[in-house]
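The values are calculated or read from the model by the stated rules, or taken from the named source; none is laboratory data. Keep in mind it's a predicted model, so treat the numbers as computed, not measured. Cβ placement follows ideal geometry from the backbone for every residue including glycine, while neighbour counts extend to all protein chains displayed.
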Amino acid sequence: MKLFRFRGGVHPKGYKELSSELAIEKFPLPKKLYIPLQQHIGEPAIPVVHIGQKVLKGDLLGHSYGKISAPVHASSSGTVIDITDFAAPHPSGLSLQTVVLQTDGLDKTAKSIIPLNPFDLTPHETAERVGAAGIVGLGGATFPSAVKLYEGVERKMDTLVINGGECEPFLTCDDRLMQERADNIVDGIRIMLHALKLDKAYVAIESNKPEALQAMTLAGKQYAPQIVIVKVPTRYPMGWDKQLVKILTGREVPAGKRSADLGVIVHNVATAYAIHEAIRYARPLVSRIVTISGDAVALPKNIEVRFGTLVSQLLDYVRINTPEYRLVMGGPMMGHALPHANLPVVKGCNGIIVLSQNIASSNTSQSCIRCSQCISACPVGLLPLEMMTRIKKGDYKSASEIGLKDCISCSSCSYVCPANIPLVHYFNFAKGELRDQQLNQTKNEKTKKLAQAKQFRLEQIEKEKKEAAAARKAQRAAAKAKKEALKAEKLQSKSESA
Amino acid sequence: MKLTPKSAPHTHSGNSISSVMLHVILALLPATLFGVYLFGLPALFIVILTITSCLLAEAIALYLACKAIKPHLLDGSAILTGLLLAMSLPPWAPWWIAVLGGFFAIIIGKQIFGGLGQNVFNPAMLARVALLISFPLEMTTWVDVHPMFSNSSPGFIESLKITFFGIPNLDEISSASLMGQVKTELTLNNSVSSTLLSVNYSPMSTSIGFISGSIGETSSILILLGGLYIMFKRIISWHIPFTMLLTIFLLAALFHFIDGDRYADPFFHILTGGVILGAFFIATDLVTSPNTKLGQIIFAIGIGIFVYIIRTWGGYPEGLGFAILLMNAMTPLIDHYIRPRIYGRDRNGNPIQLSEKSE
Amino acid sequence: MLEAVGSVTTLGLVLGSLLGYASRVFKVETDPVVEKIEEMMPGSNCGQCGFPGCTPAAESIANGDADITLCPPGGKMLAQELAALLNVELDLSKLVDEEPLLANVKEELCIGCTKCFKVCPTDAIIGAPTQIHSVIKEVCTGCKACIDVCPTECLIMQPKEETLKTWHWHKPIAEPIAA
């Protein structure tokens, strides 16, 4: 299949060989599960259980709220012992509302509805079930998948792309999933095709995964030409969905819009697998494959982990062999550095990487020598060095004029910078400042309106008081005048009669 | 406790400024060593003096600016500036030319603008041009080739005397550089071809380097090899060197075709005057050249045009320094107007319009 | 040589005066900046800056009489925006509070006297007689009018609580300059 040009990108050392040959293991059931109510983009789930309630595996813990949201389910059977604020797997260390589940060791599943033939369901029903299963983008973005399918119901799409890129170093969870469970993934893709009323899906797999390519080609062969496996070049960030759209279709997603607006729906292979599980067996999303790797790990693994398992338990399982290390959730290019390991595994956690000081990037940076390697590396076509200079001066507005809002924070620029300048850090900081300024402005407008409304209301009350007082005065004056008039009349009549 | 988390990425390519500088210096070493061989120990002293004064000037400037001295000195940029400057000076120049040049290059050419990465003009070229205008006599005193280990080469003490006390028997020893000679003869109405014939000009020996001039002017082949090395290492791209050489070649070819006697042939222009050094090492200076590929091409065309104009119709025999400085001044302008197209946007920066398709 | 010095000096004087004359005659009138400043301000007329309202404060800033860090409810963000608008240097040390503070009711001390919500310019306090009052944080501008009138001193100013939604990356620390 003809592939279009790919701009920019870098070739970080892959380290995939550390775990790409290791089959998926199942992590033993932990005693406690800490399940956050927000593991997705959008509004957090609202809890529907109470403390002390007994739940079965797959039971609803929190329902979705609003258009862009997803429900959260119990990862095992047990008792809800707390609903509280617990540290989120986020660099800030701030907390999220979390359901703490004490497992009973039985791992009993809730009674599921008899699986139907998925191809008898209407697209709307399929989207509904996907939403009810709590499925979100498992490539790391955690965008609720049902929303994408609903869009496919409302508007006609023309292409389905399945993202098997996995371009981040160290991560091999999607690779192993494709090697071991290719048939299930293909089934999930077919269910999606049926829901979107499309007849062709492109599965993009990087060329550094030959076994996965083979497995998926074999699984998809019987459904050709519905399922087309496409080998894409190995380059970071090949997994960026807009980049895949450009490479496969030659069209670019306009700035500020999503690929769905172009008629292209992109889903990760793991999401396709989760959809297969949800529609065929009515199993909600309660676990995922996680790659635990890094040069500071003695035994790297690809493990199927239940959501709510603490990262510290995973680390004990694989054994870290250096005293000084950096803990990263996700890949080393875009992942979050975790402040400590007492945090739960969530839907977006595709890898836990433990880096020794040899690989982990250092903090010291020098001045920019304008070598423009960052410009060559940027897949979006931005000017990182120019944006960084403006942000350093505090001029966020002019930085956004040259494209800050289009930055996807892929870190290709920081990766190549010879001066080791934390470019992406500057951009994330500036994006945060701009967002704060925007919120502040909205708040200012709101409070001004409220202040004016209050002024107006007080003036109205004053006015009414005055009018009422004047009316009363007029009334009294009229009553007095009437009394006077009556008195005068009486006197007159008296004098007349006398 | 407020955490200061570490931002992504958590890995790095291993690129560093000092490795970039080191590779460029390595690429220049063969030509430098050959130049020292050609002109003897005085050339070596000049190289050492220029580099040392650059480092000293950098240390003084950093101290005055209250910045950390050691890391900046070790990043190699001052050494590179010194080496490039030394390669453009007359090999038997007096010691104070080297020292003045080094100080001017670093303090006025680089540190005043704010240090590494902030200068508008190439520091080595700035210093060379300043020296050329201020001390035209010393800067145009070229000598013939005196290969080391031969009878004509000055010994150690003699070399020290040359560098610190001036060239003895100046009138006998000094000789014009090839470009200078051609230009002077043209004013005397002697055609280019007759001049070249009289000095036994041969493109082969010119490119190997047995001509008088600065170290950077002599061995074109070694410099070309060095330039290809840093291109292979992806420190520079082909856009500037190739475009600049092509522009000069085409312009020279055009005028040579029109009047072969007045205008020298294109190969002469490429092989003399340090054009190859300028194309690969000076014009491609990371700080002072444009960021985008198209911008670099425009920049290189501009340099080519200016070099040819100044050489042919200007007052100086070789215009590389001036041409580069003029185009360095245009770099911010080029960078402002020439930007890559952002994904999802058109050339003007507006989001691309979705075509109205009815599916 | 004297001619050279004389002619260049004269040239410099003539050109300099031409430039000065041109800068006065062809001066570009800027838009009224007072309105722009006032738009940026919280608009609650709290008076903490010492001026009777946001409009006179905006005028003083435009004149240059007042410093751009004068508004506590506006905080660092307003000072930064004003610095960008007016092209002046921002001296953060003059800020009264680092971040804007919001009012908070200590519920165990509230007696439900209704004095506070009557003075709140943006109606950010909800309550009724003998009911415990509460502050709607999204609407409070930090003007401190309520603090002054509360008889039981149950209203305190607290910095805005940081949540995962409001958190963002800090500014990268620049390369340290060694003496």
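Is at least one residue of region A:320-328 within 14 Å of chain B (Cβ to nearest Cβ) and in a loop (DSSP other than H, G, I, E, B)?
Yes.
From the list B:Val287, B:Val307, the one residue that fits, being farther than 26 Å from A:Gln243 by Cα and more than 14 Å from every other protein chain (Cβ to nearest Cβ), is B:Val307. Spot the failing condition for C:Glu107; the list is (1) away from chain A (no Cβ under 14 Å); (2) under 19 Å from A:Ala453 (Cβ atoms), and only one is missed. Every listed condition holds for C:Glu107 apart from (2).
The sole residue among A:Leu439, A:Leu486 that is surrounded by fewer than 20 Cβ atoms within 10 Å (Cβ to Cβ) and at the interface with chain C (Cβ under 9 Å from one of its Cβ atoms) is A:Leu439. Restricting to region A:217-237, and then to whatever is within 14 Å of chain B (Cβ to nearest Cβ) and more than 19 Å from the chain's Cα centre (by Cα), can you tell me which residue is surrounded by the most Cβ atoms within 10 Å (Cβ to Cβ)? Looking at the filtered set, the residue picked out is A:Tyr236.
Could we say that A:Leu193 is of a type in the set (A, V, I, L, M), more than 18 Å from A:Ile303 (Cα to Cα), part of a helix (DSSP H, G or I) and under 18 Å from the mean Cα position of the chain (by Cα) here? The answer is no for A:Leu193. Take the conditions (1) within 14 Å of chain A (Cβ to nearest Cβ); (2) aliphatic (A, V, I, L, M); (3) in a helix (DSSP H, G or I); B:Ile51 misses just one of them, which is (1).
Let's see how each residue does on (1) part of a helix (DSSP H, G or I); (2) modelled with pLDDT of 80 or more:
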residue: B:Ile211; (1), (2): no, no
residue: B:Met231; (1), (2): yes, yes
residue: B:Ile236; (1), (2): no, yes
residue: B:Pro241; (1), (2): yes, yes
residue: B:Leu245; (1), (2): yes, yes
residue: B:Ala252; (1), (2): yes, yes
residue: B:Phe268; (1), (2): yes, yes
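Please count how many residues of region A:419-432 are part of a helix (DSSP H, G or I) and either at the interface with chain C (Cβ under 7 Å from one of its Cβ atoms) or more than 30 Å from A:Val10 (Cβ to Cβ) (or both). First the steps, then the outcome.
Filtering region A:419-432 for residues part of a helix (DSSP H, G or I) gives A:423-432.
Still in the running and either at the interface with chain C (Cβ under 7 Å from one of its Cβ atoms) or more than 30 Å from A:Val10 (Cβ to Cβ) (or both): A:425-426, A:428-429, A:432.
Count: 5.
Any chance you could count how many residues in region A:245-267 are of a type in the set (A, V, I, L, M, F, W, C), more than 11 Å from chain B (Cβ to nearest Cβ) and within 19 Å of B:Asp346 (Cα to Cα)?
First, pick out the residues of region A:245-267 that are of a type in the set (A, V, I, L, M, F, W, C): A:245, A:247-248, A:253, A:255, A:260, A:262, A:264-266.
Then drop every residue that is not more than 11 Å from chain B (Cβ to nearest Cβ), which leaves A:247-248, A:260, A:264-266.
Add one more test, that the residue is within 19 Å of B:Asp346 (Cα to Cα), and what stays is A:247.
The qualifying residues number 1.
Of the candidates B:Val20, B:Val47, the single residue that is under 30 Å from A:Ala430 (Cβ atoms) and buried (at least 22 other Cβ atoms within 10 Å of the Cβ) is B:Val20. Considering region A:397-414, the residues that are crowded, with 22+ Cβ neighbours inside 10 Å and under 22 Å from B:Gln118 (Cα atoms) include one that is nearest to the other protein chains (Cβ to nearest Cβ), namely A:Ser414.
Test of understanding: among A:Glu154, A:Glu168, which residue is free of Cβ contacts under 8 Å to residues at least 12 places away in the same chain and out of contact with any helix residue (DSSP H, G or I) (no Cβ under 6 Å at 6 or more places or on another chain)?
Details: A:Glu168 fails: free of Cβ contacts under 8 Å to residues at least 12 places away in the same chain.
Matching residue, one of A:Glu154, A:Glu168: A:Glu154.
Scanning region C:131-173 for residues being outside any loop (DSSP other than H, G, I, E, B) and under 19 Å from A:Asn440 (Cβ atoms) gives a total of 4.
I'd like to verify a number: residues in region B:305-343 that are in contact with a Pro (Cβ under 8 Å, 6 or more places away or on another chain) and part of a loop (DSSP other than H, G, I, E, B), how many?
Going residue by residue through region B:305-343, those that are in contact with a Pro (Cβ under 8 Å, 6 or more places away or on another chain) are B:311, B:331, B:334-335, B:338, B:343.
Of the ones still in play, those that are also part of a loop (DSSP other than H, G, I, E, B) are B:338, B:343.
Looking only at that region, the number is 2.
Checked against the criterion of being of a type outside the set (Ser, Thr, Tyr), free of Cβ contacts under 8 Å to residues at least 24 places away in the same chain and assigned to a helix (DSSP H, G or I), region A:404-418 contains not a single residue that satisfies it.
Which members of region B:58-89 meet the condition of being within 12 Å of another protein chain (Cβ to nearest Cβ) and either assigned to a loop (DSSP other than H, G, I, E, B) or modelled with pLDDT of 90 or more (or both)? Write out each step before concluding.
The first filter runs over region B:58-89 and keeps only residues within 12 Å of another protein chain (Cβ to nearest Cβ), leaving B:62-72, B:74-77, B:80.
Listed by number, the residues that qualify are B:Leu62, B:Tyr63, B:Leu64, B:Ala65, B:Cys66, B:Lys67, B:Ala68, B:Asp75, B:Gly76, B:Ser77, B:Leu80.
Considering only residues in region C:113-130 that are within 11 Å of another protein chain (Cβ to nearest Cβ) and in a loop (DSSP other than H, G, I, E, B), the one that is surrounded by the fewest Cβ atoms within 10 Å (Cβ to Cβ) turns out to be C:Asp123.
What's the total number of residues in region A:265-283 that are crowded, with 24+ Cβ neighbours inside 10 Å and not β-branched (Val, Ile, Thr)?
7
Every condition in (1) in contact with a strand residue (DSSP E or B) (Cβ under 9 Å, 6 or more places away or on another chain); (2) surrounded by fewer than 23 Cβ atoms within 10 Å (Cβ to Cβ); (3) within 19 Å of A:His425 (Cβ to Cβ) holds for A:Tyr317 except the one numbered (3). The set of residues in region A:30-43 that are surrounded by fewer than 20 Cβ atoms within 10 Å (Cβ to Cβ) and either over 26 Å from the mean Cα position of the chain (by Cα) or of a type in the set (Val, Ile, Thr) (or both) comprises A:Lys31, A:Ile41. For region B:151-160, check the following and say yes or no: at least one residue is of a type outside the set (S, T, N, Q) and within 14 Å of chain A (Cβ to nearest Cβ). No, region B:151-160 contains no residue that is of a type outside the set (S, T, N, Q) and within 14 Å of chain A (Cβ to nearest Cβ). A:Val345 falls short on exactly one of the conditions (1) more than 7 Å from every other protein chain (Cβ to nearest Cβ); (2) under 22 Å from A:Pro12 (Cβ atoms); (3) crowded, with 24+ Cβ neighbours inside 10 Å, and that condition is (2).
Of everything in region A:70-105, what is within 14 Å of another protein chain (Cβ to nearest Cβ) and β-branched (Val, Ile, Thr)? Give them in sequence order.
Here is the first cut: in region A:70-105, the ones within 14 Å of another protein chain (Cβ to nearest Cβ) are A:85-98.
Across region A:70-105, the qualifying residue is only A:Thr98.
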